[in-house]
1. Return the only residue of Arg57, Arg49 being closer than 22 Å to Lys183 by Cα and free of Cβ contacts under 8 Å to residues at least 40 places away in the same chain.
2. Just a yes or no: is a residue in region 142-156 under 22 Å from Gly79 (Cβ atoms) and either in contact with a His (Cβ under 6 Å, 6 or more places away or on another chain) or buried (at least 16 other Cβ atoms within 10 Å of the Cβ) (or both)?
3. Could you grab me the full set of residues in region 74-94 that are within 16 Å of the ligand (Cβ to nearest atom) and either among the hydroxyl-bearing types (Ser, Thr, Tyr) or farther than 19 Å from Leu170 by Cα (or both)?
4. Given the criteria more than 23 Å from Val93 (Cβ to Cβ) and either within 14 Å of the ligand (Cβ to nearest atom) or modelled with pLDDT of 95 or more (or both), does Gly128 qualify?
5. Return the residue satisfying two criteria in turn: it lies in region 27-69 and is buried (at least 18 other Cβ atoms within 10 Å of the Cβ) and in a loop (DSSP other than H, G, I, E, B), and of such residues it is farthest from the ligand (Cβ to nearest atom).
6. Check region 170-185 and report whether any residue there is out of contact with any Pro (no Cβ under 8 Å at 6 or more places or on another chain), closer than 26 Å to Val126 by Cα and assigned to a helix (DSSP H, G or I).
7. Take region 133-169 and flag every residue that is assigned to a loop (DSSP other than H, G, I, E, B) and over 19 Å from Ala120 (Cα atoms).
8. When region 80-116 is examined, which residues are found to be assigned to a loop (DSSP other than H, G, I, E, B), among the charged types (D, E, K, R), surrounded by fewer than 20 Cβ atoms within 10 Å (Cβ to Cβ) and in contact (Cβ under 8 Å) with a residue 40 or more places away in the chain?
Amino acid sequence: MTTALELLICLSRGEINRAASAFIITAESPADVPAREALLDRAMGPNRRRKSSEKLRRGRLPSVGLAFVARDDDGAVIGTVRLWDVRAGEGDVSALLLGPLAVDPAWKDHGIGSALMHYAIERARVLGHGAILLVGDAPYYTRFGFSADKTGGLAMPGPYERHRFLALELLDGALDGAQGVLKPSGRRQRAHPLARTA
Ligand SMILES: CC(C)(COP(=O)(O)OP(=O)(O)OC[C@H]1O[C@@H](n2cnc3c(N)ncnc32)[C@H](O)[C@@H]1OP(=O)(O)O)[C@@H](O)C(=O)NCCC(=O)NCCS
């Protein structure tokens, strides 16, 4: 794709201290992994690894080309989102699982989460994926087109709240007939910890 799509520069209006804040979205690199993990700990707390989504991510790499970070003016990682390849049950329905999405608490409400979501969705669409699934707050994710309408036949491989299990079809009908418990289907991670990125 073009450079313009690879690097999305976002400007958002600051509310308190920042008259205007600039950030950039790029592909995540191996060097970003420590900062991304520290950000996730700050934003989501220590229980983040107990989520059922984690069962679909553990030991896997993100889907090719679908791991992104937001950076501030100094290049520091202030947001993260990744998407993972999953399969529904034993059937042939494939999808992406989105998450975790997180923004540095110091940068909340600057539009970074929304920019990451729009960028990730667009990249997934361009790469030809049919649907994105996630477990999250519907009041946040409905603004990006997610709903629970298409997840009725699907299940996460662990405890979760059904009303938070949401989907967005990128191709009409991509989730038609999708049934069963989600399984990971992405590339396996190598043993070295620095291999935990796309
Ligand atoms: C949720 C999160 C990613 C949003 O990122 P962000 O950059 O602050 O969000 P944006 O600036 O794009 O959007 C802000 C808007 O989303 C709303 N919002 C933020 N979190 C929300 C939530 N959990 N439920 C509903 N609305 C939410 C804000 O109230 C604000 O609304 P407004 O536009 O009407 O003022 C960020 O707060 C975060 O990292 N939270 C902790 C990690 C987490 O919970 N991630 C999963 C989300 S389910």
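The values are calculated or read from the model by the stated rules, or taken from the named source; none is laboratory data. As the structure is a prediction and not an experimental result, all values here were calculated from the model. Positions of Cβ are backbone-derived with ideal geometry, glycine not excepted, and every protein chain shown enters the neighbour counts.
1. Arg49
2. yes
3. Once the filter is applied, which keeps residues that are within 16 Å of the ligand (Cβ to nearest atom) and either among the hydroxyl-bearing types (Ser, Thr, Tyr) or farther than 19 Å from Leu170 by Cα (or both), region 74-94 yields Ala76, Val77, Ile78, Gly79, Thr80.
4. no
5. Taking the candidates together, the pick is Leu61.
6. no
7. Selection gives Ala148, Asp149, Lys150, Thr151, Gly152, Gly153, Met156, Pro157, Gly158, Pro159, Tyr160, Glu161.
8. Across region 80-116, the qualifying residues are Glu90, Asp109.
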